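Notes for the one structure printed next.
The values are calculated or read from the model by the stated rules, or taken from the named source; none is laboratory data. Please read these numbers as outputs of a predicted model, since none were measured by experiment. Note that each Cβ is placed from the backbone with ideal geometry, even for glycine, and that neighbours are counted across all protein chains shown.
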Amino acid sequence: MRRVQRVLVTGGAGFIGSNFVHHLVSHTDLTVTVLDKLTYAASRDALAGLPESRVRLVVGDVADAGTVDPLVAEHDAVVHYAAESHNDNSLTDPSPFVQTNLIGTFTLLEAARRHDTRLHHISTDEVYGDLELDDPERFTEATPYNPSSPYSSTKAGSDLLVRAWVRSFGVRATISNCSNNYGPWQHIEKFIPRQITNVVDGVRPKLYGSGENVRDWIHADDHSSAVLAILERGAIGETYLIGADGEKNNLEVVRLILGLMGQPEDAFDHVTDRAGHDLRYAIDSTKLRTELGWLPQFGDFEAGLAATIDWYREHEAWWRPHKDATEATYAAKGQ
Ligand code: NAD
Ligand code: TDX
């Protein structure tokens with residue numbers, strides 16, 4: 001395989017993309033260009049302190065071929081994180097999800113095809129729809145696609161575009177579908193940071209519906225090490241599921257947060273459920289572990305959660321400016 005020296009990371013100023021940029025800088029000698037539109041979800045702070053000789057930021061849109069084409073041409077590989085990522089937002093206005101997740105991926109694929117550039121596409125376990133609580137099966141690479149929300153359907157569509165460009169045009173691409181990430185720099189619209197910052201503010205956590213819904217949690221650092229393993233050793237055309245055996249229902253997570261933050265474990269409110277709310281996600285990552293030898297390092301969810309709580313306490317200046325507007329959006333929906 002051609003040696004990869006220059007990597008273009010789309011969405012590299014977001015929660016997971018920025019984690020991957022840090023991972024590349026500390027675990028490889030690659031140089032990195034971040035292409036990011038700097039939407040509401042991005043943070044320049046998440047990239048602060050990285051060596052200028054190794055990392056540069058280009059502000060631009062993945063759906064803009066005039067920006068994307070020359071950038072793809074000058075890199076050996078693209079790792080594509082850029083997306084609209086929040087299910088609740090996709091229920092309010094699906095339009096940017098179609099634009100960025102579908103047209104953005106199409107635009108990158110066309111550039112990768114033109115310049116024969118290696119592409120790794122980042123996706124989600126939500127493309128598979130949901131499982132029953134008592135289903136002994138977990139998602140595998142063979143599970144049929146069955147997405148529920150505008151977000152997950154646009155991610156599913158983007159995966160299918162990648163598969164078609166591999167088969168029809170020989171684009172050198174891989175795909176990974178990861179479970180729910182947690183860790184530093186996650187936007188406070190998302191479940192775990194929303195509840196942590198609520199408790200900091202003396203506000204009771206908000207649980208959608210019954211709280212029985214199960215998510216399969218993985219630390220963002222483990223997601224990054226898996227993506228690097230696939231970039232380095234993954235087989236072209238293959239899909240890899242990324243997960244760390246971290247199934248927990250939302251009720252358990254809220255109780256853990258409350259306990260770790262010194263509050264009574266029943267000090268939360270049930271609020272209006274999410275429309276079409278997926279019941280359970282669960283990943284079987286055997287293929288990634290056996291074929292590429294990857295293993296997660298964060299085995300203890302409670303310890304990872306405690307460290308994440310400490311991080312949000314220490315970084316209040318980062319999230320505070322966004323808290324009122326985020327909560328006002330939820331309040332308008334009874335959430
Ligand atoms: P995020 O919302 O925190 O970050 C997304 C980043 O993409 C932001 O920096 C934003 O500015 C950028 N972006 C958005 N539209 C863009 C555009 N048109 N052009 C260029 N940049 C644009 O999201 P995240 O949670 O870090 O997720 C990153 C990727 O990982 C997404 O593809 C998501 O589907 C996938 N994923 C996320 C999770 C999770 O738990 N968060 C799990 C599995 C997969
Ligand atoms: O206030 C809340 N209360 C609540 O009960 C919020 C914001 C969420 N929830 C529930 C909904 C979900 O069951 O918590 C669970 C997690 O919610 P999110 O953080 O919104 O994540 P989810 O919808 O599961 O999707 C996440 O994981 C897969 C990411 O946002 C996606 O980008 C990724 O693809």
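Only one of PRO193, PRO147, PRO184 is over 23 Å from PHE20 (Cβ atoms) and modelled with pLDDT of 95 or more; which? Give the steps one after another, and end with the answer.
Numbers: PRO193 fails: over 23 Å from PHE20 (Cβ atoms); PRO184 fails: over 23 Å from PHE20 (Cβ atoms).
Exactly one residue qualifies, and that residue is PRO147.
Which ones in the stretch 271-293 are of a type in the set (Ser, Thr, Tyr) and buried (at least 17 other Cβ atoms within 10 Å of the Cβ)?
Answer for the stretch 271-293, where residues must be of a type in the set (Ser, Thr, Tyr) and buried (at least 17 other Cβ atoms within 10 Å of the Cβ): TYR281, SER285.
Give the stretch 178-187 a look and list any residue that's within 15 Å of GLY246 (Cα to Cα) and part of a loop (DSSP other than H, G, I, E, B), or say none.
Going residue by residue through the stretch 178-187, those that are within 15 Å of GLY246 (Cα to Cα) are 178-183.
Matches in the stretch 178-187: SER179, ASN180, GLY183.
Considering only residues that are over 17 Å from VAL203 (Cα atoms) and polar (S, T, N, Q), which ones fall in the stretch 244-275? Walk me through how you get there before you give the answer.
Start the filter on the stretch 244-275 by keeping residues that are over 17 Å from VAL203 (Cα atoms), which leaves 244-250, 252, 273-275.
Answer for the stretch 244-275, where residues must be over 17 Å from VAL203 (Cα atoms) and polar (S, T, N, Q): ASN249, ASN250.
Quick one: which residue in VAL227, VAL254 is crowded, with 23+ Cβ neighbours inside 10 Å and without any contact (Cβ under 8 Å) to a residue 60 or more places away in the chain? Explain how you work it out, then say what you get.
On the way: VAL227 fails: without any contact (Cβ under 8 Å) to a residue 60 or more places away in the chain.
Testing whether each residue is crowded, with 23+ Cβ neighbours inside 10 Å and without any contact (Cβ under 8 Å) to a residue 60 or more places away in the chain leaves just VAL254.
What's the total number of residues in the stretch 1-38 that are of a type outside the set (D, E, K, R) and either within 21 Å of ASP69 (Cβ to Cβ) or within 16 Å of ligand 2 (Cβ to nearest atom) (or both)? Spell out the reasoning first.
First, pick out the residues of the stretch 1-38 that are of a type outside the set (D, E, K, R): 1, 4-5, 7-28, 30-35, 38.
Those left that are additionally either within 21 Å of ASP69 (Cβ to Cβ) or within 16 Å of ligand 2 (Cβ to nearest atom) (or both): 4-5, 7-20, 31-35, 38.
Adding up the residues that qualify gives 22.
I need every pair where a residue in the stretch 123-151 that is touching a residue at least 24 places away in the same chain (Cβ under 8 Å) and more than 16 Å from LEU91 (Cα to Cα) has its Cβ under 9 Å from the Cβ of a residue that is assigned to a loop (DSSP other than H, G, I, E, B) and among the basic types (Lys, Arg), sequence separation at least 6 or different chains.
The qualifying pairs are LEU131/ARG138.
With of a type in the set (Val, Ile, Thr), more than 21 Å from SER224 (Cα to Cα) and within 14 Å of ligand 2 (Cβ to nearest atom) as the only criterion, which of THR100, THR67 stands out?
Working: THR67 fails: within 14 Å of ligand 2 (Cβ to nearest atom).
Of THR100, THR67, the one residue that is of a type in the set (Val, Ile, Thr), more than 21 Å from SER224 (Cα to Cα) and within 14 Å of ligand 2 (Cβ to nearest atom) is THR100.
Of everything in the stretch 128-171, what is more than 15 Å from ligand 1 (Cβ to nearest atom), of a type in the set (Lys, Arg) and within 26 Å of GLU110 (Cα to Cα)? Give them in sequence order.
ARG163, ARG167
Just one of the numbered conditions (1) surrounded by fewer than 17 Cβ atoms within 10 Å (Cβ to Cβ); (2) touching a Leu at 6+ places or on another chain (Cβ under 8 Å); (3) more than 22 Å from VAL21 (Cβ to Cβ); (4) in contact (Cβ under 8 Å) with a residue 24 or more places away in the chain is not true of ARG233; which one?
(3)
If we keep just the residues of the stretch 46-67 that are of a type in the set (A, V, I, L, M, F, W, C) and not in a loop (DSSP other than H, G, I, E, B), which is surrounded by the most Cβ atoms within 10 Å (Cβ to Cβ)? So that I can check it myself, show each step before the final result.
Here is the first cut: in the stretch 46-67, the ones of a type in the set (A, V, I, L, M, F, W, C) are 46-48, 50, 55, 57-59, 62-63, 65.
Narrowing further to those that are not in a loop (DSSP other than H, G, I, E, B): 46-47, 55, 57-59, 65.
Numbers: ALA46: 20, LEU47: 22, VAL55: 20, LEU57: 19, VAL58: 13, VAL59: 13, ALA65: 17.
Of everything passing the filter in the stretch 46-67, LEU47 is surrounded by the most Cβ atoms within 10 Å (Cβ to Cβ).
Return the residue satisfying two criteria in turn: it lies in the stretch 163-194 and is closer than 30 Å to HIS115 by Cβ and among the small types (Gly, Ala, Ser), and of such residues it is nearest to ligand 2 (Cβ to nearest atom).
SER176
Assess whether HIS27 counts as being modelled with pLDDT of 95 or more, closer than 22 Å to SER224 by Cα, out of contact with any His (no Cβ under 6 Å at 6 or more places or on another chain) and within 12 Å of ligand 1 (Cβ to nearest atom).
Values: modelled with pLDDT of 95 or more: yes; closer than 22 Å to SER224 by Cα: yes; out of contact with any His (no Cβ under 6 Å at 6 or more places or on another chain): yes; within 12 Å of ligand 1 (Cβ to nearest atom): no.
No: the conditions fail for HIS27.
Which residues, taken from the stretch 93-114, are out of contact with any helix residue (DSSP H, G or I) (no Cβ under 7 Å at 6 or more places or on another chain), surrounded by fewer than 19 Cβ atoms within 10 Å (Cβ to Cβ) and not charged (D, E, K, R)?
Hits for the stretch 93-114 are SER95, PRO96, GLN99, ILE103.
Out of THR117, THR174, THR124, which single residue is among the β-branched types (Val, Ile, Thr), buried (at least 18 other Cβ atoms within 10 Å of the Cβ), modelled with pLDDT of 95 or more and near ligand 1 (Cβ under 10 Å from one of its atoms)? Reasoning before the result, please.
Working: THR117 fails: near ligand 1 (Cβ under 10 Å from one of its atoms); THR174 fails: near ligand 1 (Cβ under 10 Å from one of its atoms).
It is THR124.
Would you please name the residue that is farthest from the chain's Cα centre (by Cα), looking only at residues in the stretch 69-93 that are among the charged types (D, E, K, R) and within 15 Å of VAL4 (Cβ to Cβ)?
Keep residues of the stretch 69-93 that are among the charged types (D, E, K, R), which gives 69, 74, 76, 84, 88, 93.
Remaining after also requiring within 15 Å of VAL4 (Cβ to Cβ): 74, 76.
Details: GLU74: 26, ASP76: 23 Å.
Restricting to residues being among the charged types (D, E, K, R) and within 15 Å of VAL4 (Cβ to Cβ), the top hit is GLU74.
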